[in-house]
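Below is one structure, written out as C-alpha cells; the observations come after it.
The values are calculated or read from the model by the stated rules, or taken from the named source; none is laboratory data. Quick caveat, the model's predicted, so the values are computed rather than measured. All Cβ positions, even for glycine, are placed from backbone atoms using ideal geometry, and neighbour counts span all protein chains on display.
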Amino acid sequence: MGTNQPIPGTGRVMRLREVLALCGMSRATLYREVKLRGFPAPVKLSARSVGWLEDDVMTWLAERIAQRGHAYGRVEQIKPPN
C-alpha cells in the first residue's frame, strides 16, 4: 500500500443511537442482524461500549439501496393488462 492511500475499514466511529437513526431499525433488530451476519459487527471500544465504523454502515446502506433499485426495475418491466 502506498502512503497516500487510506487504510480499509478505518474512519469515524458511530455510536448506537446514530446507527439506529441512520438505518431506521430498532436496537433489537440491529443486534439480531449482527448475529445473523446481515449487518456489520460493532468494534469494541472499551469494556462496556461499542461503535460501528462509518464506512461499514454506509456500505451496508448502499447495498440495501442497490437492492431496492433492482426490485423497482422488475416492477417496471411488468406490463399492465390491456
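Starting from the range 26-37, keep only residues that are under 15 Å from R15 (Cα atoms), then list their pairs with residues that are of a type in the set (V, I, T) whose Cβ atoms are within a distance under 7 Å, requiring at least 6 positions of separation or different chains.
Close Cβ pairs (under 7 Å, with a partner that is of a type in the set (V, I, T)) amount to L30/V19.
Does the range 11-25 include one or more residues that are modelled with pLDDT under 85 and out of contact with any Lys or Arg (no Cβ under 9 Å at 6 or more places or on another chain)?
Going through the range 11-25, the residues modelled with pLDDT under 85 turn out to be 11.
Within this subset, residues satisfying the condition of being out of contact with any Lys or Arg (no Cβ under 9 Å at 6 or more places or on another chain) are 11.
There is at least one residue in the range 11-25 that is modelled with pLDDT under 85 and out of contact with any Lys or Arg (no Cβ under 9 Å at 6 or more places or on another chain).
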